Protein chains: 2
Amino acid sequence: MKLATLDDDSRDGRLVVVSNDLTRCTDARRIAPTLQAALDDWSRLRPELAALARALESGSVPIERFHERNALSPLPRAYEFLDGSAYINHVELVRKARGAQMPPSFHTDPLMYQGTASGFLPPRGAIASHSDWGTDFEGEIAVITDDVPMGTDAETARDLVALVILLNDISLRSLIQPELTKGFGFVQSKPASACSPVAVTPDALIGWAEGKLTGILEVDLNGVPFGRVRSGDDMTFDFGELIAHAAKTRHLVAGTIIGSGTVSNKLDDGPMTTVGEGGAGYSCIAELRMIETIAEGTAYTPWLGEDDVVRMDMKDEQGHSIFGAIEQTVVET
Amino acid sequence: MKLATLDDDSRDGRLVVVSNDLTRCTDARRIAPTLQAALDDWSRLRPELAALARALESGSVPIERFHERNALSPLPRAYEFLDGSAYINHVELVRKARGAQMPPSFHTDPLMYQGTASGFLPPRGAIASHSDWGTDFEGEIAVITDDVPMGTDAETARDLVALVILLNDISLRSLIQPELTKGFGFVQSKPASACSPVAVTPDALIGWAEGKLTGILEVDLNGVPFGRVRSGDDMTFDFGELIAHAAKTRHLVAGTIIGSGTVSNKLDDGPMTTVGEGGAGYSCIAELRMIETIAEGTAYTPWLGEDDVVRMDMKDEQGHSIFGAIEQTVVET
């Protein structure tokens with residue numbers, strides 16, 4: 001089942017069920033007015049939404065054209081966003097570029113930060129940037145959970161994944177170091193993120209198994225392939241483990257978004273190469289800059305600037321978009 | 001105007017307007033079903049709620065008894081919680097106890113962390129603890145904002161304070177150091193907080209001026225006065241400055257909660273003393289332990305344990321509770 005939230009000028013949008021091929025949708029408000037409302041009563045409403053999805057595929061309900069550009073992020077406002085760093089290669093690179101070792105505990109204890117959940121940008125929403133901020137994208141997989149009781153273990157948590165999305169975790173690199181130095185986390189350096197137009201239940205994802213999504217996260221910068229990273233590889237912590245980590249000392253409310261962190265492949269310990277060079281490339285500019293720094297002592301690829309366009313997508317085996325595309329243009333403020 | 005959210009077995013409770021003396025309330029659902037719904041359309045609904053408040057005081061609307069024990073936190077689920085450390089004395093003590101200097105920038109650049117907003121505990125809700133966690137309370141003042149556009153300055157932000165509350169920022173001290181060492185903020189060490197039963201508009205607070213609340217935050221531990229700290233003193237950053245700091249790189253959605261951090265008085269640079277010794281005492285156990293550490297080389301006051309009761313309240317000049325009391329009992333898990 002695929003769900004989306006269409007912009008109707010309200011704060012939370014209106015819920016629609018989307019066809020598997022993302023061309024059509026049908027209004028779901030008679031079941032739940034918003035995605036949050038559906039998640040608030042997920043075990044009861046999910047079967048009703050699934051029935052509506054089947055009716056949509058068979059053409060037995062009113063159909064609208066689905067346009068990704070009219071979609072908001074599936075949860076325009078969410079109550080909780082916790083973003084992990086499950087692809088340890090990304091963390092190792094960050095450290096290596098600044099000459100630091102990675103603590104061994106990072107292989108067993110996930111890195112995670114509390115992110116802002118109050119205003120996810122639309123999938124086609126502009127990225128507000130400032131020339132001093134060092135604006136970057138981070139291509140991620142994320143899940144939206146059902147209610148997760150405090151202390152839930154990783155195996156149980158895997159079954160509490162309600163929906164899967166793509167997520168662009170916008171990062172203000174020049175603000176990260178001063179913020180982290182203060183010791184209290186990212187705050188100003190991690191502004192609002194954007195999600196894919198469509199959220200998909202795990203049972204509708206061929207690549208979903210054991211809390212991981214296997215697929216190629218396609219990231220393009222200004223129309224040029226920047227990343228073709230395999231999301232099923234090199235993920236040290238699956239979503240069950242990330243959710244369990246998040247729920248150690250708190251209940252996670254239905255609609256909690258858990259991010260994977262930047263999707264990153266290690267590629268046999270060799271140097272990572274760009275897509276142009278035949279490699280998997282990167283899911284953020286920072287990684288390319290780190291590779292440049294490690295190889296050449298300095299980074300030269302610039303951060304995002306006015307009119308840059310970043311696009312994220314993932315396709316199925318037939319080449320069709322699974323979640324719809326995030327496509328955002330940078331606007332200097 | 002005073003507002004509260006009563007428990008009706010729904011996730012967000014039902015909105016009531018409460019009398020100034022906290023003894024009576026009246027249903028506000030014909031104006032807005034929940035406090036979040038009221039905040040979503042605050043400029044339009046606030047006058048309607050204020051009219052209902054006047055009608056409540058004059059007895060011209062149906063009246064219910066108001067029992068603090070039936071209240072949830074005013075926003076049982078909120079979209080954003082950013083907690084500052086506006087009382088620099090608290091930060092200085094933390095550093096001093098571990099032999100570290102405080103960077104001068106801390107006097108001009110607020111410390112702030114992104115907290116969990118998804119599930120505020122009821123004002124009388126149990127604190128789930130574990131003997132290994134080092135559970136502590138932190139008495140704070142907090143505000144609930146209207147929509148705050150990105151880049152709003154401090155002066156403008158002061159006028160966007162919709163409501164004021166008390167807040168118990170529960171802190172798991174034994175988890176803080178390992179979490180902060182990882183570099184990504186508190187996450188597991190800052191679980192759900194609790195708020196006062198009643199939220200009050202600034203115009204109804206005699207002690208409110210220039211983004212600060214003047215009053216004595218009464219904190220009792222097991223019925224014994226623990227803190228009588230003056231919230232109007234020693235607040236380095238007012239709420240306008242904290243909101244502006246939070247909004248530097250993001251829009252703050254209506255219903256955002258901004259915390260002051262632990263209320264703490266400096267008292268002429270002298271050693272802080274307990275309430276029993278005639279001093280202002282402390283708004284968290286950690287401060288007392290830091291004083292013990294600085295004075296005697298070791299801390300001996302224990303963290304919270306099974307059946308401990310922490311109570312927070314603030315009274316007006318007539319001795320009446322302004323916000324109702326937070327009163328929470330610790331339950332070991």
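The values are calculated or read from the model by the stated rules, or taken from the named source; none is laboratory data. Remember, predicted model here, so these are calculated numbers, not experimental data. Backbone-built Cβ (ideal geometry, glycine too); neighbour counts: all protein chains shown. We work out accessible area using only protein heavy atoms, side chains counted, and drop any ligands, DNA or RNA first. Shrake-Rupley method; radii C 1.70, N 1.55, O 1.52, S 1.80 Å.
Some values worked out for this structure:
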read-out	value
Some residue of region B:101-111 being outside the structural domain of residue B:236 (by the TED database) and among the small types (Gly, Ala, Ser)	no
Residues located in region B:282-313, provided they are surrounded by fewer than 22 Cβ atoms within 10 Å (Cβ to Cβ) and part of a loop (DSSP other than H, G, I, E, B)	B:297, B:298, B:299, B:300, B:301, B:302, B:303, B:305, B:306, B:307, B:308
Subset of region B:224-253 (residues that are polar (S, T, N, Q) and within 14 Å of another protein chain (Cβ to nearest Cβ))	B:249
Where residue A:117 falls short, out of the listed (1) in contact with a Leu (Cβ under 7 Å, 6 or more places away or on another chain); (2) open to solvent by less than 10 Å² (accessible area, probe 1.4 Å); (3) within 13 Å of chain B (Cβ to nearest Cβ)	(1)
Boolean, residue A:72 is touching a helix residue (DSSP H, G or I) at 6+ places or on another chain (Cβ under 9 Å), on the phi < 0 side of the Ramachandran plot and open to solvent by less than 60 Å² (accessible area, probe 1.4 Å)	no
Qualifying residue in region B:62-72 (condition: in contact with a Gly (Cβ under 7 Å, 6 or more places away or on another chain) and either within 14 Å of chain A (Cβ to nearest Cβ) or over 30 Å from residue A:80 (Cβ atoms) (or both))	yes
Sole residue being part of a helix (DSSP H, G or I) and either within 13 Å of another protein chain (Cβ to nearest Cβ) or modelled with pLDDT of 95 or more (or both), chosen from B:56, B:15, B:93	B:56
Meets criteria (modelled with pLDDT of 95 or more, assigned to a loop (DSSP other than H, G, I, E, B) and over 18 Å from the mean Cα position of the chain (by Cα)) for residue B:266	no
The lone exception for residue A:127 - which of (1) under 30 Å from residue A:33 (Cα atoms); (2) open to solvent by less than 40 Å² (accessible area, probe 1.4 Å); (3) more than 13 Å from chain B (Cβ to nearest Cβ); (4) not small (Gly, Ala, Ser) it fails	(3)
Selection count where residues are open to solvent by less than 20 Å² (accessible area, probe 1.4 Å), in contact with a helix residue (DSSP H, G or I) (Cβ under 9 Å, 6 or more places away or on another chain), closer than 23 Å to residue A:266 by Cβ and of a type in the set (A, V, I, L, M, F, W, C), scope region A:196-234	1
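Listed here are the residues, each with its yes/no results for (1) at pLDDT 95 or above; (2) charged (D, E, K, R); (3) not assigned by the TED database to the domain that holds residue B:163.
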{"site": "B:209", "(1), (2), (3)": "yes, no, no"}
{"site": "B:220", "(1), (2), (3)": "yes, yes, no"}
{"site": "B:260", "(1), (2), (3)": "yes, no, no"}
{"site": "B:272", "(1), (2), (3)": "no, no, no"}
{"site": "B:287", "(1), (2), (3)": "no, yes, no"}
